[in-house]
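Remarks on the structure that follows.
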Amino acid sequence: MCGIIGAVAERDVVPILLEGLKRLEYRGYDSAGVAIIDYQTQGLACRRVVGKVNALESVLQQKSLYSPTGIAHTRWATHGKPTEKNAHPHISQDTIAVVHNGIIENHQTLRSFLQEQGYVFHSETDTEVVVHLIHYYTTQGHDVLQAFRLTLKRLEGNYALAMISPLASGHVYATRQGCPLVVGVGIGEYFIASDVAALIPVTQRIIYLEDGDVVDLQRDQLSITNLAGKVCERPIHISQLRADAVERGEFRHYMLKEIFEQPHALAETLEGRIHNDQILEAAFGANAHHLLDEIYAVQIIACGTSYHAGLVARYWIESLAKLPCSVEVASEFRYRQPLPNPNALVVCISQSGETADTLAALHEAKRLGFGPSLAICNVPESALARAADMVLMTRAGPEIGVASTKAFTTQLLCLLMLTVVLGRRNGTISELEKVIVRAMRSLPDQLQKLLELNQEIKQIAEEFADKHHTLFLGRGVHYPIAMEGALKLKEISYIHAEAYPAGELKHGPLALVDADMPVVAVAPNDTLQEKLKSNLEEVHARGGQLFIFANHRAIMQGSDFVKIIELGEINEYISPIAYTIPLQLLAYHVALIRGTDVDKPRNLAKSVTVE
């Protein structure tokens, strides 16, 4: 993986391919490349670089390419190191060019077969078997499309592929199996991409492909069939994504922009889903009323930041809705052989809706016989949204920074809405629903006030500049928020950070505490505050440097070794969402001071579409 774009048109598509790659940069990548059918020679021309798209653009400027047909790619290494030989596109015999997201699981078997046929491999990638296999079938008397289909029948794994060939000039062929791919419909031109954002400058008319679709793009026509050649009808959607929605505007980084967009994003999440201080059950879909009958447990499945959102929800669901709730990392759930519960609601959380492990876990839950499923995600036409029985869109808007911010807080709000609906059905919240709903409505204003702490947090971030380790502490429902704070810091500043329930300090982590290891505490004024206070005193007594995010300064006496960041009074039901904001700002400013790439941290990708 990570980003694909292709185009066929009357005009030169090279600038379109480059702009598309730039709009896919947020996904994370280590190399980039482009292949075209040269307008003059009608042969393949390819340029690849290790590094950023700007480097590829510089190479192209040195020797300009012009073509109405081409494909391009940004790669995030899975097989083989980031080198020019491993970069995409891959080419076979100057005849076939392919770009690929995903993993070909049987690549070793295919490689052995192709080597027996005399093919020489120049890269370490699994992708190279695809391009050679297509070429092999063309030498057996098949046309390019037939060769493409025959190749697909031999592939195992998840993938999105796009290819061009001088043997079929004026065509771009593409397919998907478990990895996202969309078609852009222009006027006398067609496009293919792994993300709608790459196509917004050229079209808002989008076709979302299904697994197994085989696409033949020509300048003046489009064909979508399955592997057997049967025509598939796919509707055209008008994307609501605006070009300026994926621009930084006045902000230095996308991440900072997205942190500051959270008040608006949360207001969008609530819009039209509340009436008379009640959460509308219809927000979960027209069939929600029926599907939520006979629900006596909840199984949450997610990865990364979304997993932390699920952990918060477990506290809410068990304490407010009085239903047992399990939360599991998707990559573990799908292989653990869990015991199915037909009365358990399966909640899958994913920002992109294309997270490979979460998708696979949902299919496994269905196969095993769990109850109905709910997808909480940010992309309406994603594979997860299509696969689930119910969908609750977060409405966070485009999130470009790799480190998730507004996607997380809108997920939390959606999960709190789910908790209220389940609690109402279970008869466990009664009049409390009004209190919670009114607290939800206050969130945009609450978060706007918390964003005013930006300068204060920027100042304390200086004290993390030379540190190598940080400990985050929380208790109860705020422990997962501490986990999320630690994840943000390690993702973008590269400081090793861990989170613990504060009560676990004496069971090991206290051995690490000294003046060189900052300890960040999430300390709301709740029933566990006194317990937390005694834990923090243990840190203070051992010379640890404390940074406490609290409702008020009464929790401890401030000093050179105790910094208290006062957040003000916050309703307990929305407190986990609110406390997330200052931790995001802390991570951002520490990363800024340390000079890391905030929006595109090393080794990470925005949308993880492989295992």
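Tabulated data
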{"read-out": "Counting DSSP beta bridges with both ends in region 450-598, the antiparallel % (nearest 5)", "value": "5 percent"}
{"read-out": "Low-density loop positions, trypsin sites (Lys or Arg not before Pro), region 270-354 - DSSP coil, at most 12 other Cβ in 10 Å", "value": "R336"}
{"read-out": "Distance between modelled label sites at K322 and S430, nm, 7 Å Cα→Cβ extension", "value": "1.0 nm"}
{"read-out": "Angstrom value of the Kirkwood radius, inverse mean 1/r, which spans all Cα pairs in region 450-598", "value": "14.9 Å"}
{"read-out": "Exposure proxy order (Cβ contacts within 10 Å, fewest to most) of L161, L453, L56, L604", "value": "L604, L453, L56, L161"}
{"read-out": "Residue order, fewest to most surrounding Cβ atoms within 10 angstrom, among I37, I400", "value": "I400, I37"}
{"read-out": "Fraction of beta bridges assigned by DSSP in the chain that are antiparallel (%, nearest 5)", "value": "60 percent"}
{"read-out": "Cα centroid separation, region 193-228 to region 247-281 (Å)", "value": "30 Å"}
{"read-out": "Charge context of G188, other residues only, Cβ under 12 angstrom, K/R +1, D/E -1", "value": "-1"}
{"read-out": "Region 251-315: C-alpha gyration tensor shape, a/c 1.5 cut-off, then a/b vs b/c", "value": "oblate"}
{"read-out": "Neighbour-count ranking [beta-carbon atoms within 10 angstrom, fewest first] of R475, R424", "value": "R424, R475"}
{"read-out": "DSSP-defined beta bridges in region 249-430 - what % are antiparallel, rounded to 5", "value": "10 percent"}
{"read-out": "For region 134-174 versus region 46-75, the gap between their alpha-carbon centres in whole angstrom", "value": "23 Å"}
{"read-out": "Efficiency of FRET from Cβ geometry, E105 and Q278, R₀ 51 Å, rounded to 0.05", "value": "0.60"}
{"read-out": "Crossing angle, helix 304-316 versus the chain [Cα axis fit, 0-90 degrees, rounded to tens]", "value": "40 degrees"}
{"read-out": "222 nm mean residue ellipticity, helices alone, for the chain (DSSP H n ≥ 4; -39,500 (n - 2.57); rounded to 500)", "value": "-10000 deg cm²/dmol"}
{"read-out": "Fully extended contour minus Cα-Cα distance, from E332 to R154, at 0.36 nm per residue", "value": "61.3 nm"}
{"read-out": "The chain, relative contact order [Cα under 8 Å, separation at least 6], %", "value": "12 percent"}
{"read-out": "Non-local Lys pairs in region 2-246, i.e. 8 or more apart or on different chains, that have alpha carbons under 29 Å apart", "value": "12"}
{"read-out": "Distance in nm between pseudo-label sites at S112 and H363 (7 Å out along the Cβ direction from Cα)", "value": "2.5 nm"}
{"read-out": "Estimated dipole of region 2-246 in Debye, rounded to 20 [Cβ of Lys and Arg +1, of Asp and Glu -1, Cα centre]", "value": "220 debye"}
{"read-out": "Lys, Arg +1 and Asp, Glu -1 on Cβ, resulting dipole of region 209-289 about Cα centre, debye, nearest 20", "value": "160 debye"}
{"read-out": "Charged-residue dipole, Cβ positions (Lys, Arg, Asp, Glu), the chain about Cα centre, Debye nearest 20", "value": "280 debye"}
{"read-out": "Region 2-246, relative contact order [Cα under 8 Å, separation at least 6], %", "value": "20 percent"}
{"read-out": "Region 249-430: C-alpha gyration tensor shape, a/c 1.5 cut-off, then a/b vs b/c", "value": "oblate"}
{"read-out": "Filtered chymotrypsin sites (Phe, Trp or Tyr not before Pro), region 102-177: DSSP coil and at most 15 other beta carbons within 10 Å", "value": "F121"}
{"read-out": "FRET efficiency for H237 and E504, using Cβ-Cβ distance with R0 set to 45 Å, rounded to 0.05", "value": "0.40"}
{"read-out": "Proximal lysines to K434, defined as alpha-carbon separation beneath 28 angstrom and excluding residues fewer than eight positions away on the same chain", "value": "K322, K406, K449"}
{"read-out": "Charge dipole (the chain, unit charges on Cβ, about Cα centre) - positive-most of S64, T95, N343", "value": "T95"}
{"read-out": "Percent RCO, i.e. relative contact order, over region 249-430, from Cα pairs under 8 Å lying at least 6 residues apart", "value": "28 percent"}
{"read-out": "Global geometry of region 350-451, whether rounded, prolate or oblate, following the gyration tensor of its Cα atoms and the 1.5 cut on a/c", "value": "oblate"}
{"read-out": "Distance (nanometres) between label positions extended 7 Å along Cα→Cβ at Y296 and N525", "value": "4.2 nm"}
{"read-out": "Sparse-neighbourhood loop sites, trypsin sites (Lys or Arg not before Pro) in region 62-164 - DSSP loop, at most 13 other Cβ within 10 angstrom", "value": "K63, K153"}
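Readers should treat all values here as calculations from the given coordinates under stated rules, not as data from a laboratory. Quick caveat: nothing in here was measured; it's all calculated off a predicted structure. With ideal geometry, Cβ positions are generated from the backbone for all residues, glycine too; neighbour counts draw on all protein chains shown.
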